[in-house]
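What follows is one structure encoded as C-alpha cells, with my remarks underneath.
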Amino acid sequence: MLRAATVSVLLLAALAPRVAEASGERPASPWTARLHTLVEQAAEDFEGELSLYVLDVGSGDAYAYDADVPTYLSSAIKIAVMLEVLHQVDRKKLSLKEKLTFGPEDIRDGMHRLGGARPGERLSIATLLDYMMGDSDNAAADLLIRRVGVHNVKAQLVARGIQAGEVSSLLDERRRIYARLDPSAQDLSPQQIHSLGEHDSPSSRARALSELLEHSPAWTGSELDQAFHAFYAENVNSASMRSMGRLLAQLARCEGLSKASCTQAHALMRACRTGRGRIAAGLPSTATWAHKTGTQHRRACDLGLLYLQPDRPIVVAACTRNFWRVSDAEHLFARLGRIISSAAEAPRPEGRTQARASHVRRK
C-alpha cells in the first residue's frame, strides 16, 4: 500500500508542472468568447443539464460551462480503465497478448461483442481493450478491471492529479443501484443483472426487479428513477468535466505513458464505434474525433480529443443529465460539435496562439 502511494506521489510530481492550469478567470480568447454565446443558447434550449469543458491543448485557451460539478461518467470511466491497463503494460506487469478467460461470472448487461462469447473462451487483453473502447462492452471492461485491480484504476487517477469519486466495477455499480430499493439486490447474480438490462423502460425494469426479489407491490418506474438518482449522488464513477478535460489533455501530450502505449490509446479512441449521432454528427468530414461515450438512465456523455488540424488537439468533455430522451441529449451533442468546430476554425488574431484564456460559466 505504501509503495503504491509512493508511486502515485512521484507520478503526480512528474506530471504537475505540465498539467497545472492557471487559477481564477482570465479574459476569454476570441474563439472561446464565440463558444460562450453559442453554448449558452444551446444549453438553454436543452431540457436537461449540461456540463462542458473545452481546451485548446497547444494554446491553453479554455472554455468551461458548469464544468466543476461531479458528474456520473457511465462508460466514459473506461478511459481511466484503458489508461491503467496501458500503464501496467508499460511497467511489464501484463502484456497485450495475455489472454483472459470469459466465464459465466463475467456476463454483464451492456454486452456487445461478448454477447455471443462461449464460457471458457479466451480473449487477449488487446482484444478486450478494443471491445471495451470500440463497442463499450461492459463484460470486456469488467474483465480488464478485475485483471488490473479496481483500486489501481483509482490510484492512476490520483497519481495524475485527477479528482474523481470512487471507482467501481460495472457489476457492483448495477448492484448498488438496485440495492437502493432493496439491500438484497447486492446478491443479484451476473445473469440476473444481465436480464434486468434487457428492459429499456424504467417501469418494465422495475417490474422485473420486483419479480426477481419477490417484492410486492411491484416497484414503479418512478421509484427506480429515484434509486438511480440516489446512486448518482454517491459520485461513484464520477468526475467533473474540468477534471476529465485535464486527463484528456495529458493523453493528448502522451504524459504518463510510453510512446507505444500512447499511440495505442489514441488509436483505440479513434476507433470508437458508439455515439455517431453525438459530437461526431456535428463535425466536418475532415475532422478526427478520438473519444469515448457513456450512457445510463438520464445520463449521457461524449469525451475526447478533436483534431480539426493534425497538430492541434482540442479537448472536449461533455456530459448531460436529467433529460428524459437520449435523442434530446444526442441532438445537443451534435449541436456542440458544430459550435466547437465552427468557433475553433474561425480566423484568430495574431499573437493569440500562445496566450492562456479561460471563460467560466456556472449555472
Rounded to whole Å, give me the distance from the Cα center of region 31-90 to that of region 232-285. 9 Å
Find the relative contact order for region 94-161 and round it to a whole percent, using C-alpha pairs within less than 8 Å whose residues are 6+ positions apart. 33 percent
Highest-MSF residue in the chain out of 239, 139, 230 [GNM, Cα springs under 10 Å]: 230
Carbon and sulfur %, accessible surface of the chain computed with the full protein complex present, 1.4 Å: 51 percent
Any chance you could look up the accessible area of residue 220 with a 1.4 Å probe, heavy atoms only, rounded to 10 Å²? 70 Å²
Which whole-Hz couplings ³J(HN,Hα) result when phi for each residue of region 320-336 is put into the Karplus expression 6.51 cos²θ - 1.76 cosθ + 1.60, θ = phi - 60°, listed in order with x for Gly and Pro? 10, 8, 6, 9, 9, 10, 4, 4, 5, 5, 5, 4, 5, 4, 4, 5, 5
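Got a sec? What order do 324, 219 fall in by accessible area at 1.4 Å, biggest, i.e. largest, first? Spell out each step's value before the answer.
On the way: 324 175, 219 15 Å².
Result of the area sort, largest leading: 324, 219.
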Relative contact order computed over region 184-295 (Cα-Cα under 8 Å; 6+ residues apart), in percent: 14 percent
Over region 242-305, what relative contact order in percent results from Cα pairs under 8 Å that are six or more residues apart? 28 percent
Order 238, 203, most accessible first, counting only protein heavy atoms with a 1.4 angstrom probe. 203, 238
Beta bridges by DSSP in the chain, antiparallel share as percent, to the nearest 5: 90 percent
Phi-based couplings in Hz for region 193-208 (Karplus 6.51, -1.76, 1.60; Gly and Pro marked x): 4, 4, 5, 5, x, 6, 9, 6, 7, x, 5, 5, 5, 4, 5, 5
Please calculate the 1.4 Å probe accessible area of residue 244, with all protein chains present, and give it to the nearest 10 Å². 10 Å²
Calculated from DSSP helices alone, with each H run of at least 4 adding -39500 (n - 2.57) and the total divided by the residues of the chain, [θ]222 nm to the nearest 500 comes to -14000 deg cm²/dmol
Could you identify which residue out of 184, 201, 216 has the top mean-square fluctuation in a GNM of the chain using Cα springs shorter than 10 Å? 216
Whole-number accessible area per residue in Å² for region 156-278, which is evaluated in the context of all protein chains at 1.4 Å: 42 Å²
Degrees separating the helix 125-135 axis from the principal Cα axis of the chain, which is the longest one: 80 degrees
Between region 159-223 and region 295-340, what's the alpha-carbon centroid distance in Å? 26 Å
Of 114, 248, 96, which is the most mobile in a GNM of the chain whose springs link Cα atoms less than 10 angstrom apart? 96
Under the Karplus relation 6.51 cos²θ - 1.76 cosθ + 1.60, θ = phi - 60°, what is the ordered set of whole-Hz ³J(HN,Hα) values for region 271-287, x standing for Gly and Pro? 8, 4, 9, 10, x, 5, x, 9, 4, 4, 5, x, 8, x, 5, 7, 7
Please work out how much accessible surface residue 241 shows to a 1.4 Å probe, ignoring ligands, DNA and RNA, in Å² rounded to 10. 0 Å²
Cα long-axis angle, helix 221-232 against the chain (0 to 90 degrees, to the nearest 10): 60 degrees
Could you please put 198, 49, 255 in sequence from largest to smallest accessible area, using a 1.4 Å probe? 198, 49, 255
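The values are calculated or read from the model by the stated rules, or taken from the named source; none is laboratory data. Bear in mind that the values here come from a model prediction, so they are computed numbers and not experimental data. Calculation scope for accessible area: heavy atoms of the full protein, side chains included, ligands and nucleic acids excluded. Shrake-Rupley method; radii C 1.70, N 1.55, O 1.52, S 1.80 Å.
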